[in-house]
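Taking it in order: structure first as structure tokens, then the write-up.
The values are calculated or read from the model by the stated rules, or taken from the named source; none is laboratory data. The structure presented is a predicted model; accordingly, all values stated were derived computationally and were not measured. The accessibility values were calculated without ligands, DNA or RNA, using every heavy atom of the protein model including side chains. Shrake-Rupley method; radii C 1.70, N 1.55, O 1.52, S 1.80 Å.
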Amino acid sequence: MGRRKAIYPWLSVLLLLAVFASGCNGGGNGSAPAAGGNGEEKVEILLGYYSADNSDAKMKELIAQFEEKHPNIKVKTQSAPYGQFFQKLDTQIAAGQAPDVWLSDGVYVMKYAQRGAAKDLTEWISRDLKADEYYGLDFNKDDEGRYWAVPQGIQVGVLFYNKDMFDKAGEPYPTEDWTWEDLKESAARLTLDAGGKNATESGFDPAGVNQFGLTFFSITEGWFSVLKSYGGGVLDEKAQNSIINTPENKQAFEWMVDGMKRGIITDPVDLKSFQSNAAVFISNSAALRIGIYARVQAANDAGINYDVTLLPKGPDGKRVAPVIANSWVINQKSSDAKAQAAWEWIKYWATEDEVQKQWTELGEAVPVKKSVANSDVFLKAGDKPANRQAFLDSLEFAETLHSNAVWEEWLGKFSEHVDRAFLGDVSIDQALQDADTAVQSVLDAFYKK
């Protein structure tokens, strides 16, 4: 008995050491250790993001603050302008050399997920984030309930309107009760030809428009909201089959093509006379536009007198706003230690109000954290637009843009065929049939090979 008593103290020490080692080597659920604590091995991660002059300096500041909070994590960066960044990223992914964590345009998240480049973050999000504190977490969820990214900033569509143009025409401002037909009727009275006649007057020249009622282009800031609010769309819920050739889409296209023929809405040829598609509204050449939050900065810089409201409703009362949740993606091929360090960066970005506030002050995106988005930091960030609440309200009926592994490919085919209808080169029926065939071919090449 005495011999056993002599051994027990040593066993106790060994057991304590074993428990301590176990705690340092990771928690439950097979997770990697939380990087950045005192006494842990240093981890270096590569963070990639697309940059702009107004955001680059702030990103570097936030990274420095993160490293101060996590002294065992060193962050190297890789950045480039938008187009160059994603072109290089695709090459790096193919070569197995992508950053450990990168900022993805929201429309590309499912491409990375379905092509095996993105890490499944479902377990970590469930463990560390409270879903009801954020906007947009579900925008990165697939049809099987898996989460592939965490939003960094949100772009959601609203209706921008030029108050000076409305005032000059004696036209009431848009309201939240507007339908697309209401918009067209108002836009017609705001569309002026070279002789100063509006689109409702006899002798109006639709080929010589000097001021458009509505500038309209692209999936995000053009046809997506119209199609969806009319009950149509491009792809099914799984984003693997075309639903283009439907009566609902035909009705939506009749609304759009009619507006373009009458000179009320910019068509693809009209847009070519401007420096960029976005320049039409900020140059006082259109009274209305569908726009995401990122367009606020350009409108403010141009000094135009404008505000925003909700997008119009379809014929059955349905309202849909396009949304893009630009998001942080973790590389599926990164080591456990690097992936966990990358997750610490994402948590730092998403959970800390101060980080969210600093980024919000740039005016680049709607904050993902509700506590910041619903504060004066966002809602009263400037005089214009006065109705910033419209961006938050629009998230209640926002839908993502049918993003999938071949988003760019199917979008290119769809746009090619519908532009022919917009220009009157083919009938709406023919354009929808051709687009349906072309888009389904793209989808089948990836999903049914």
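A compact table of results
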{"quantity": "Euclidean distance between Cα centres, the stretch 357-425 to the stretch 105-150, Å", "calculated": "18 Å"}
{"quantity": "Phi-based couplings in Hz for the stretch 186-198 (Karplus 6.51, -1.76, 1.60; Gly and Pro marked x)", "calculated": "5, 4, 4, 6, 9, 8, 10, 8, 4, x, x, 7, 8"}
{"quantity": "Stretchable slack from Tyr82 to Ala52, in nm (0.36 nm times residue separation minus alpha-carbon distance)", "calculated": "10.0 nm"}
{"quantity": "Cα shape, the stretch 389-449, gyration tensor, a/c 1.5 rule", "calculated": "oblate"}
{"quantity": "Long-range HN-HN contacts of Ala398 with modeled amide H, under 5 Å", "calculated": "Ala321"}
{"quantity": "Distance violations [Cα-Cα > 26 Å] among Lys88/Lys111; Lys76/Lys347; Lys184/Lys250; Lys42/Lys130; Lys130/Lys448", "calculated": "Lys42/Lys130; Lys130/Lys448"}
{"quantity": "Candidate lysines - alpha carbon under 18 Å from Lys272, same-chain residues fewer than 8 apart omitted", "calculated": "Lys261"}
{"quantity": "Rounded to 5, the percent of DSSP beta bridges in the chain classed as antiparallel", "calculated": "60 percent"}
{"quantity": "Per-residue [θ]222 nm for the chain (sum of -39500 (n - 2.57) over DSSP H runs n ≥ 4, rounded to 500)", "calculated": "-13000 deg cm²/dmol"}
{"quantity": "Cα convex hull of the chain - mean projected area over all directions, nm²", "calculated": "26.4 nm²"}
{"quantity": "Whole-percent carbon and sulfur share, accessible surface of the stretch 204-291, 1.4 Å", "calculated": "45 percent"}
{"quantity": "Accessible surface, per residue, of the chain when the full set of protein chains is kept, probe 1.4 Å, Å²", "calculated": "45 Å²"}
{"quantity": "Contact order relative to length of the chain, as percent, for alpha carbon pairs under 8 angstrom and 6 or more apart", "calculated": "23 percent"}
